Amino acid sequence: MSSGIDPYDHLCIFLNPDGTLTRFWTLPKKKANPIATNGEPVVSKDHTLNAEKKTHVRIYMPTIKLPPNDDTRIPIIIFYPFSNWYFSLWDTESNDRIASELACQVPAIVVSVDYRLAPENRLPAQYHDGVDAILWVREQALNPNGEQWIKDYGDISRCYLYGHGTGGNIAFFAALEATRMELEPLKIVGNIMNQPLFGGVVRTDSELQHSMDPLHPLCVQDLIWELSLPIGENRDHWYSNPIVEGPHTSAISKLGKCLVIGFGEDFMFDRHQEFITLLMRHEVQIEALFHDSGFHAIDLAVPEWADAIVESVKDFIAEAENKPSKG
């Protein structure tokens with residue numbers, strides 16, 4: 001049955017004849033601020049991740065006084081922002097606020113990743129970019145001329161992958177790929193997936209219940225996957241539906257500790273439950289944090305929820321490192 005919604009209009013995009021998108025929706029941008037001239041608690045700077053792919057990272061560093069030595073090094077969070085696959089948020093005010101709060105509150109060095117967008121670059125391009133960011137962090141730490149904040153203050157033996165929405169999907173698959181790589185001395189201690197975006201051909205109860213979700217009605221969810229999956233694949237491809245057996249399955253049991261965050265009124269709720277069951281079946285150490293209310297990506301719209309999730313991430317990292325949180 002037709003919803004009467006044009007998903008392209010809903011997303012403010014137009015599909016061009018050459019397969020690219022024209023994106024009409026814009027959000028306020030935020031430039032990096034590498035020097036705390038007014039006592040800012042966090043500074044940031046941009047780097048090119050891969051010039052050929054036109055990808056970037058923005059590094060966030062808390063301005064707490066840390067002498068550059070091994071005893072005071074802080075963890076590194078590699079952060080994959082929300083995008084719905086087609087729209088970049090990495091240099092927007094909303095993403096800057098989230099990354100800055102993570103850096104300040106944990107505290108940690110946060111490496112926010114500007115990965116490629118669909119449909120110009122379909123999956124698994126975003127997973128490759130996610131792994132590129134991990135390798136970039138390792139290279140900065142080991143290279144005598146590497147990024148100074150990482151070299152002086154970051155502890156690459158305490159890295160965490162954190163993704164939001166589609167970024168949560170990327171964090172999962174990047175973490176799986178990392179289990180197959182020799183990354184020492186870099187270690188991924190934990191993986192944080194905040195409302196990770198998954199899908200499937202057969203509708204779940206929560207998808208049907210929220211089929212007319214104001215932000216993500218079913219037809220929009222379907223279009224997002226149609227634009228991002230490899231051409232010819234449906235939503236039961238393992239990129240969308242990790243429950244399906246695929247080349248990723250054998251690596252799941254090798255994942256480090258995971259935190260999965262979800263909301264009871266999210267259309268993804270049932271898929272998140274299935275995902276948690278998948279991780280448990282493979283004996284992954286997992287912490288699941290679900291809130292009774294709240295819609296998909298509520299933390300992008302409601303600052304109080306953004307702050308609450310930052311606090312949950314802080315607690316997870318403190319627990320993973322067996323340190324008391326000072327929340």
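At-a-glance table
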{"quantity": "Backbone HN-Hα couplings from phi across region 83-100 [Karplus 6.51/-1.76/1.60, Hz, Gly and Pro as x]", "calculated": "8, 6, 6, 10, 9, 7, 10, 4, 10, 8, 4, 5, 6, 4, 5, 5, 5, 5"}
{"quantity": "Gaussian network model of the chain, springs between alpha carbon atoms under 10 Å - residue of F290, F14, F267 with greatest fluctuation", "calculated": "F14"}
{"quantity": "For the chain, accessible area per residue (1.4 Å probe, heavy atoms of protein chains only), Å²", "calculated": "44"}
{"quantity": "Overall form of region 240-293 per C-alpha gyration tensor (a/c, 1.5; a/b vs b/c)", "calculated": "oblate"}
{"quantity": "Prolate/oblate/rounded call for region 154-202, Cα gyration tensor, a/c under 1.5 rounded", "calculated": "oblate"}
{"quantity": "Rounded tilt (10° steps) of 303-320 against the dominant C-alpha axis of the chain", "calculated": "60"}
{"quantity": "Top of A133, A308, A171 by mean-square fluctuation, Gaussian network on the chain, Cα under 10 Å", "calculated": "A308"}
{"quantity": "Calculated Rg and Dmax of the Cα atoms in Å (choose from (1) 22.2, 91; (2) 22.1, 66; (3) 19.0, 62), label", "calculated": "(3)"}
{"quantity": "For peptides 103-114, 86-97, sequence by mean Cβ density within 10 Å, most packed first", "calculated": "103-114, 86-97"}
{"quantity": "Sites matching GluC sites (Glu not before Pro) across region 274-327 that sit in DSSP coil, with at most 11 neighbouring C-beta atoms within 10 Å", "calculated": "E283"}
{"quantity": "Long-range HN-HN contacts of L49 with modeled amide H, under 5 Å", "calculated": "T55, H56, V57"}
{"quantity": "Distance between modelled label sites at S250 and E319, nm, 7 Å Cα→Cβ extension", "calculated": "3.2"}
{"quantity": "Over region 178-240, relative contact order from alpha-carbon pairs under 8 Å, at least 6 apart, %", "calculated": "36"}
{"quantity": "Alpha-carbon gyration tensor eigenvalues x 5, square-rooted, for region 95-142, Å", "calculated": "24, 16, 6"}
{"quantity": "Residue-averaged 222 nm ellipticity for the chain, from DSSP H runs of 4+ at -39500 (n - 2.57), nearest 500", "calculated": "-9500 deg cm²/dmol"}
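The values are calculated or read from the model by the stated rules, or taken from the named source; none is laboratory data. Since this is a predicted model, take the numbers as computed values, not measurements. Ideal geometry is used to build each Cβ from the backbone, glycine not excepted, and the neighbour counts take in all protein chains shown. Just the protein is used for accessible areas: all its heavy atoms, side chains included, with ligands, DNA and RNA removed. Shrake-Rupley method; radii C 1.70, N 1.55, O 1.52, S 1.80 Å.
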